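Student: Handing you this structure, nothing more for now.
Only the coordinates and a few stated rules stand behind these numbers; no lab work does. Quick caveat: nothing in here was measured; it's all calculated off a predicted structure. Reconstructed Cβ throughout: ideal geometry from the backbone, glycine too, with neighbour counts over all protein chains shown.
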Amino acid sequence: MKNEENKIFLDEHGRFQMDFSEAIWATDKLHKIFCTLKDNILNDVDFVVEDNYNLFFIEYKNSNVKTEGESKKFNPIDGEGLRKVARKYFDSLNFIRTTDRGIQKKKIYVYILEAKHKGRRNNELRKYAYNRLRDRLPFKFKNKSESQGIMMIETMIDDLKVLSIQEWNEEYKQFPAKIISEN
């Protein structure tokens with residue numbers, strides 16, 4: 001079943017757009033929902049999208065531009081920044097698990113990263129980010145929990161991808177993405 005209406009979302013800074021018109025369900029509202037809490041401590045991904053087989057958690061970062069209100073550009077290999085990117089997945093997953101979305105579907109975290117950093121190429125930075133994020137996400141929980149007498153009925157995460165916008169568009173043609181503004 002497809003959405004009745006088009007789902008074309010912008011990131012919170014209005015620089016990046018994704019078209020989820022072909023999705024069963026999609027939202028860009030987690031930030032708005034999380035901000036209803038006083039002293040909000042939750043972190044959210046930019047978009048959550050469901051197709052016939054997968055539930056995608058999508059976070060977009062572009063270290064080539066300075067974010068409003070921040071004194072410097074996002075550093076794609078900073079340990080604290082990568083911890084926050086991992087936390088966005090955990091908090092978003094926990095919220096979505098309280099809904100009727102994505103039950104028994106593969107959970108895929110996609111970190112779309114456009115970056116340049118001190119002479120490193122984009123693909124090197126994405127590989128570095130992938131390796132650091134993978135260590136911070138719950139890929140090993142299922143095996144460890146079974147060995148300790150706790151049986152999980154569903155995985156917490158099935159796959160992680162760190163992609164450029166071009167790589168996203170090549171792999172997920174049904175959900176095209178594009179940069180709207182570099183400012």
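Student: Can you give the helix-only mean residue ellipticity at 222 nm for the chain, where every DSSP H stretch with n ≥ 4 adds -39500 (n - 2.57) and the sum goes over all residues, rounded to the nearest 500 deg cm²/dmol?
Tutor: Roughly -8500 deg cm²/dmol at 222 nm, from the helical runs in the chain.
Student: For D19 and H31, calculate 0.36 nm times their separation in residues minus their Cα-Cα distance, and state this gained length in nm to one decimal.
Tutor: Once the chain is fully extended between D19 and H31, it gains 2.5 nm.
Student: Same structure, new question: Which ³J(HN,Hα) values in Hz, rounded to whole numbers, follow from the phi angles of segment 149-165 under the Karplus curve 6.51 cos²θ - 1.76 cosθ + 1.60, where θ = phi - 60° and Gly and Pro get x?
Tutor: x, 10, 9, 8, 8, 8, 5, 8, 7, 10, 7, 10, 10, 10, 10, 7, 4
Student: Kindly rank 172-180, 24-32 from highest to lowest mean number of other beta carbons found within 10 Å of each residue.
Tutor: 24-32, 172-180
Student: Rounded to the nearest 5, what % of the DSSP beta bridges within segment 8-179 are antiparallel ones?
Tutor: So the antiparallel bridges in segment 8-179 amount to around 50 percent.
Student: Another one. With a 10 Å radius around each residue's Cβ, average the other Cβ atoms per peptide and rank 33-41, 53-61, 156-164, highest first.
Tutor: Packing order, densest peptide first, comes out as 53-61, 156-164, 33-41.
Student: With θ taken as phi - 60° and the coefficients 6.51, -1.76 and 1.60, list the Karplus ³J(HN,Hα) couplings across segment 167-178 in order, rounded to whole Hz; mark glycine and proline as x.
Tutor: Each residue's phi maps through the Karplus curve to give 5, 4, 4, 6, 7, 10, 4, 6, 10, x, 10, 7 Hz.
Student: If you don't mind, another one. 5 Å is the cut-off here: which amide hydrogens, built 1.01 Å from N in the peptide plane, fall below it relative to D46, excluding neighbours closer than 5 in sequence?
Tutor: The answer is I58, E59, Y60.
Student: Roughly how many whole Å is it from the C-alpha centroid of segment 149-173 to that of segment 1-61?
Tutor: The two parts, judged by their Cα centres, are 15 Å apart.
Student: Name all residues of segment 13-53 having a backbone nitrogen under 11 Å from the label point set 7 Å from the Cα of T98 along its Cα→Cβ direction, giving them as ranges.
Tutor: Under 11 Å, as judged by backbone N against the label point of T98, lie 34, 37 of segment 13-53.
Student: Classify segment 8-179 as rounded, prolate or oblate from the Cα gyration tensor: take a ≥ b ≥ c as the square roots of its eigenvalues, call it rounded if a/c is under 1.5, otherwise prolate when a/b beats b/c and oblate if not.
Tutor: It comes out rounded by the Cα gyration axes.
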